1. Using amide H atoms built 1.01 Å from N in the peptide plane, name the residues 5+ places from A8, or on other chains, whose amide H lies under 5 Å from its own.
2. Calculate, for the chain, the solvent-accessible area per residue in square angstrom, rolling a 1.4 angstrom probe over the heavy atoms of the protein chains.
3. Which of the GluC sites (Glu not before Pro) found in region 7-59 are loop residues per DSSP with 15 or fewer other Cβ atoms within 10 Å of their Cβ?
4. Considering only V24, N60, F79, whose Cα is most displaced toward the positive end of the charge dipole of the chain, charges sitting on Cβ of Lys, Arg (+1) and Asp, Glu (-1)?
5. Working out 0.36 nm times the residue gap between E45 and L27, then minus their Cα-Cα distance, what length gain in nm do you get to one decimal?
6. Once every Cα of region 1-43 carries one equal point scatterer and solvent is ignored, give the base-10 log of I(q)/I(0) from the Debye formula at q = 0.23, 0.24, 0.27, 0.31 Å⁻¹, two decimals.
7. Carbon and sulfur atoms: what percent of the 1.4 Å accessible area of the chain do they account for?
8. Given [x] 1.16; [y] 1.30; [z] 1.04, which label gives Cα Rg over 2.2 N^0.38 Å as computed from the coordinates?
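The values are calculated or read from the model by the stated rules, or taken from the named source; none is laboratory data. Everything quoted here is computed from the prediction, not taken from an experiment. All Cβ positions, even for glycine, are placed from backbone atoms using ideal geometry, and neighbour counts span all protein chains on display. The accessibility values were calculated without ligands, DNA or RNA, using every heavy atom of the protein model including side chains. Shrake-Rupley method; radii C 1.70, N 1.55, O 1.52, S 1.80 Å.
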Amino acid sequence: TPESTILAISDGCPRQIIQYTPRVYGLQCHLEFNQELVAGLIHHEINLQQLSTIHPFVQNSEAILQYNYDEMNHALYQFLNKLCFY
């Protein structure tokens with residue numbers, strides 16, 4: 001909407017975080033992700049390695065498993081907690 005503000009972008013997502021109002025945001029991320037969940041998703045995606053060679057924004061399993069989900073989730077939870085007290 002014209003009233004919204006794009007706060008974060010990435011090469012693969014031109015609208016990573018959008019602020020609609022001071023307390024309404026749209027986030028393109030997965031707060032539920034952790035190492036165990038991601039390992040399970042990778043285990044069930046038999047074409048991941050092939051897809052990662054074809055599509056620029058599909059990572060291979062090694063890159064996905066190296067990501068620090070705890071760090072990402074901590075930052076996102078801090079952000080969301082600030083909204084609760086706004």
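1. Q16, I17
2. 79 Å²
3. The qualifying sites are E32, E45.
4. So the residue furthest toward the plus end is V24.
5. 4.0 nm
6. Normalising to I(0) and taking log10 leaves -0.79, -0.82, -0.90, -1.01.
7. 57 percent
8. Read-out from the structure maps to [y].
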